[in-house]
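Asker: Before I ask anything, let me first share the structure, which is written out below as structure tokens.
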Amino acid sequence: MTGMTLNIPFDNSYGRLPSSFYTRLSPVPVKTPELIAFNHALAESLGIMAADEEALAPLFAGNTLPEGADPLAQVYAGHQFGGFTPQLGDGRAILMGEVRTPSGARVDIQLKGSGPTPYSRQGDGRAWLGPVLREYVVSEAMHALGVPTTRALAAVSTGERVYREQGALPGAVLTRVAASHIRVGTFQFFAARRDKPALRALLDYAIERHDPEAKGPEDLLRAVCDRQARLIAQWMSLGFIHGVMNTDNTTISGETIDYGPCAFMDQYHPDQVYSFIDSHGRYAFSNQPNVIVWNMAQLASALVLLMPDEEKAVESFTQIIHAMPAQITERWRQLLGRKIGLAEATAGDEPLITDLLTAMAEGRADFTNTFRALVDGGARDQFLDPAAFDAWEARWRKRLGSEADPDALMRAANPVFIPRNHRIEEMIAAAVDGDFAPFERLNRVLAHPYEPQPGAADLTRPPEPHEVVRQTFCGT
Ligand code: AMP
Ligand code: MG
């Protein structure tokens, strides 16, 4: 491939919405951009032609604008840890534009860490290398695990320092690809202002982009609840803790977004919390299904303003919200059922699932390795008291008797590899010292999480006591 620039087939629809939806501005150039990573496979699937590599670093640093870009910062609001902030917005991100992919989908291309915007508040608009590489690795791993998520297209270093609690750190910019960046908080922004024309425009836009068959607010609400119920069930089936499930970090598309203090659990415990700011455990692992219902109720409260008879609509919207816990449980049961080799887990199978989880919590079992060991062997060794597993195993084997091919189900549902926190921290420390080999290795291995890979057994090992990452920080 030759040519001087990168050819991105932009078609920018968000910038055609009313000006109250965003502030048009360009990224702030950085000192010396250098390319850390470029996701060739993703670029290709988006129809982006990589020209010469030289052009990539200044482009993904925001120093040069690709042809057809329409850079802007989006405004939104959000409930953060339960408290409402009427205006947040992209404080360190710029939407460069949208791409129509060869498969007909529309995706956002966004730079994160691209400098201050009118929504930066006290922030510097920048990101440091750690959270950029963390999001790159974890979001790509999520995709490979089969979970809807934003993707990572590129990472560059800026040659500038950013200042955080830990001191002066190397700056970086992530290029993120998303089905859209419309959040529950985007609806809340206009609802809080009682700006019905804007809210209506956002509704129409979201419907056209994500649910073209939806007839109005109620259909959209139902569709978003459905996507989020499925998404959260998937998180629960993989031991994933998002960490900051604020309404501004909850998408309309149903994609996982904003990888800050997130983590995959090592040892299973339902009350596990990682974020240091989450002192009350609002976003603890087992509370995620409750939080998403609460977040969807906030979306419902915003959408109800668009209904001709608000009082009547409150009733039907409430029904949709109240149906969610059962929806999540149903989906969760199906996913957990496959993890123990059941093609169609019924409500009657729930005790078998929950009893295993209880034994895992009591036995300090590693979440990922225990499930995988059910098919690969050695599951009882995962428990402090292996006898606790033996009792469960007898019941399980009996139930498995009627299953056609439980091993295939388990191999497809139980990953060998997850991005373990201590490995991510280790990778970041190496990258800060200029060694990107661990970053590249993690990406390589995690691209095939369900396949055993010779030479990568060390990446399945849970942390030693001294390696345990007790808290992850807010990713800024
Ligand atoms: P987050 O916790 O990453 O979802 O961010 C919450 C809000 O804070 C968003 O409006 C961000 O744009 C903003 N924000 C986070 N970090 C920074 C930063 N370094 N500079 C400016 N704004 C930031
Ligand atoms: Mg956010």
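The values are calculated or read from the model by the stated rules, or taken from the named source; none is laboratory data. Because the structure is a prediction, the values reported are computed rather than measured. Backbone-built Cβ (ideal geometry, glycine too); neighbour counts: all protein chains shown. Each accessible area value is taken on the protein alone, full model and side chains, heavy atoms only, with ligands, DNA and RNA left out. Shrake-Rupley method; radii C 1.70, N 1.55, O 1.52, S 1.80 Å.
Asker: Considering the Cα positions of region 333-413, please state its Rg to one decimal place and its Dmax as a whole number of Å.
Answerer: In order Rg, Dmax, the Cα atoms of region 333-413 give 11.5, 32 Å.
Asker: Moving on. GluC sites (Glu not before Pro) within region 210-315: which are DSSP loop residues with at most 11 other Cβ atoms inside 10 Å?
Answerer: Numbers: sites: E213, E218, E255, E310, E311, E315; in loops: E213, E255.
When the GluC sites (Glu not before Pro) of region 210-315 are filtered for loop state and at most 11 Cβ neighbours within 10 Å, E213 remain.
Asker: Under 8 Å for C-alpha pairs, at least 6 residues apart: give me the relative contact order for region 6-178, rounded to a whole percent.
Answerer: Reported relative contact order: 26 percent.
Asker: Considering just Cα atoms, how many Å³ per residue does the convex hull of region 19-62 enclose?
Answerer: Looking at region 19-62, the number lands at 106 Å³ per residue.
Asker: While we're here: Which order, highest average first, do 93-99, 113-119 follow once you tally other Cβ atoms within 10 Å for each residue and take the mean per peptide?
Answerer: Numbers: 93-99: 24.7, 113-119: 22.3.
Descending mean neighbour count gives 93-99, 113-119.
Asker: Taking the Cα centre as origin and putting +1 on Lys and Arg beta-carbons and -1 on Asp and Glu beta-carbons, what dipole magnitude results for region 297-377, to the nearest 20 debye?
Answerer: Approximately 340 debye in magnitude.
Asker: Would you give the gap between the C-alpha center of region 163-224 and the C-alpha center of region 5-28, rounded to a whole Å?
Answerer: 15
Asker: Moving on to the next point. Considering the dipole of the chain built from charges on the beta carbon (Lys and Arg +1, Asp and Glu -1) around the Cα centre, which of P9, A191, T158 is farthest to its positive end?
Answerer: Farthest along the dipole direction, towards plus: A191.
Asker: Given the chain, what percent of its DSSP beta bridges are antiparallel, to the nearest 5?
Answerer: Here the share of antiparallel DSSP bridges comes out near 95 percent.
Asker: Over all distinct Cα pairs, what is the inverse of the mean 1/r for the chain, reported as the Kirkwood hydrodynamic radius in Å?
Answerer: 23.3
Asker: Further question on the same structure: Lysines near K196 by alpha-carbon distance under 25 Å, same-chain residues fewer than 8 away left out - which ones?
Answerer: Within the straight-line limit of under 25 Å, K196 reaches these lysines: K215, K312.
Asker: Which FRET efficiency value, to the nearest 0.05, is calculated for S402 and E350 with the Förster distance at 22 angstrom and r the Cβ-Cβ distance?
Answerer: Rounded to the nearest 0.05, the efficiency is 0.80.
Asker: Return the Cα extents of region 127-175 along principal axes one, two and three, sorted largest first, each rounded to a whole Å.
Answerer: Principal axes ranked by extent give 36, 19, 10 Å for the Cα atoms.
Asker: OK, next. Eigenvalues of the Cα gyration tensor times 5, then square-rooted: what semi-axes does that give for region 230-271, in whole angstrom, largest first?
Answerer: Whole-Å semi-axes of the equivalent ellipsoid: 19, 12, 8.
Asker: Return the carbon/sulfur percentage of the accessible area of the chain, one whole number, probe 1.4 Å, all protein chains in place.
Answerer: 52
Asker: Over the C-alpha atoms of region 200-275, what are the Rg and the largest Cα-to-Cα span, Dmax, in Å?
Answerer: 14.8, 46
Asker: With r defined as the distance between the Cβ atoms of K31 and E426 and R0 fixed at 30 Å, what FRET efficiency is calculated, to the nearest 0.05?
Answerer: Using R0 = 30 Å, I get an efficiency of 0.60.
Asker: Only helices at least 27 Å long along their own axis, judged from Cα atoms, and with Kyte-Doolittle mean hydropathy of -0.5 or greater: name those in the chain from DSSP H.
Answerer: Working: long enough: 217-238 (32 Å, -0.03); 310-339 (43 Å, -0.62).
Counting only whole DSSP H runs, the qualifying helices are 217-238.
Asker: Could you pull the accessible area for I328 with a 1.4 Å probe, rounded to 10 Å²?
Answerer: 10
Asker: Right, next: Net charge around F84, counting only other residues with Cβ within less than 14 Å of its Cβ (Lys, Arg = +1; Asp, Glu = -1)?
Answerer: Charge balance in the 14 Å sphere: +1.
Asker: Given charges of +1 on the Cβ of Lys and Arg and -1 on the Cβ of Asp and Glu, with all other atoms neutral, how large is the dipole of the chain about its Cα centre, in debye to the nearest 20? Present the calculation step by step, with values, prior to reporting the outcome.
Answerer: Working: 44 positive and 58 negative charges, 143 e Å.
The calculation lands at about 680 debye.
Asker: In the chain, which longest range has no trypsin sites (Lys or Arg not before Pro) that are both DSSP loop (not H, G, I, E or B) and surrounded by at most 15 other Cβ atoms within 10 Å?
Answerer: That gives 216-363 as the longest site-free run.
Asker: Let me understand region 73-214 better: what is its radius of gyration from the alpha carbons, and its Dmax, in angstrom?
Answerer: Gyration radius and largest Cα-Cα distance of region 73-214: 16.4, 51 Å.
Asker: Using a cut-off of 25 Å between alpha-carbon atoms, which lysines can reach K398, once sequence neighbours fewer than 8 places away in the same chain are excluded?
Answerer: K398 reaches K339.
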